1. Please find, within the stretch 109-134, the residue that is farthest from residue 169 (Cα to Cα) out of those that are surrounded by 15 or more Cβ atoms within 10 Å (Cβ to Cβ) and among the acidic types (Asp, Glu).
2. So, in the stretch 19-67, exactly how many residues are under 17 Å from the mean Cα position of the chain (by Cα), of a type outside the set (D, E, K, R) and modelled with pLDDT of 80 or more?
3. From the residues in the stretch 89-108 that are charged (D, E, K, R) and open to solvent by less than 50 Å² (accessible area, probe 1.4 Å), which one is nearest to residue 166 (Cα to Cα)?
4. Just for the stretch 135-158: of the residues that are of a type in the set (Lys, Arg) and touching a Gly at 6+ places or on another chain (Cβ under 9 Å), which one is least open to solvent (accessible area, probe 1.4 Å)?
5. Checking residue 77 against (1) modelled with pLDDT of 85 or more; (2) loosely packed, with under 12 Cβ neighbours inside 10 Å; (3) of a type in the set (Val, Ile, Thr): exactly one of these is not met. Which one?
Amino acid sequence: THYRTPEFAACCAKFGMISFQAEHDAAEGSKWFESTARQDPTVGLWYVGDDTSMHCEPEGIANRVEALGALDGTRLTCHADVYNSRFGEYADLVDVFMPEIYPIFGGAEDKMCVARVIDVMEKSLSDIRSRSTGRPRAVWPIIQYFKGYTAWKRMPTPKEVEAMSFAAII
């Protein structure tokens, strides 16, 4: 089901879920927002970028956030990316940064999964603190719970997921 259908919204409401709505086209998003999302309590955040630094320049994200703020200043904005040296350029653009923390590849380096989570969380928070204009920010980690693509040869074990989750919280 497409995330902008009444069926999707009804399913979210049934299970008490909040959705992240992707918004890459302000004109299309504006029409959909005015006709549907403004009244939909299951729309909780505007998701303005995935793998952001690979696909968007900071100015593009800033423009999306500004347009969405004018349209709806009541919902948070967020984006997801692997933490990299460019993150500082994006640190002050959205309300919530969601680092993609995917350290389980299926080899000896998997033992470092907790250390990698802590490292990414600390670097993200440090960049936000040093670059913030004072606007509140949050970091909501996306913890790996998949295998596949080219690099990830196995699923994390339940204990690894638990350890990564607690490390991110701490």
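The values are calculated or read from the model by the stated rules, or taken from the named source; none is laboratory data. None of the values given here were measured: they were computed from a predicted structure. Cβ coordinates were reconstructed from backbone atoms using ideal geometry, including for glycine residues, and neighbour counts include every protein chain displayed. Surface accessibility is based on the protein's heavy atoms, side chains included, excluding ligands, DNA and RNA. Shrake-Rupley method; radii C 1.70, N 1.55, O 1.52, S 1.80 Å.
1. Among those that are surrounded by 15 or more Cβ atoms within 10 Å (Cβ to Cβ) and among the acidic types (Asp, Glu), it is 110.
2. 15
3. Looking at the filtered set, the residue picked out is 100.
4. Among those residues, the one meeting the criterion is 154.
5. Every listed condition holds for residue 77 apart from (2).
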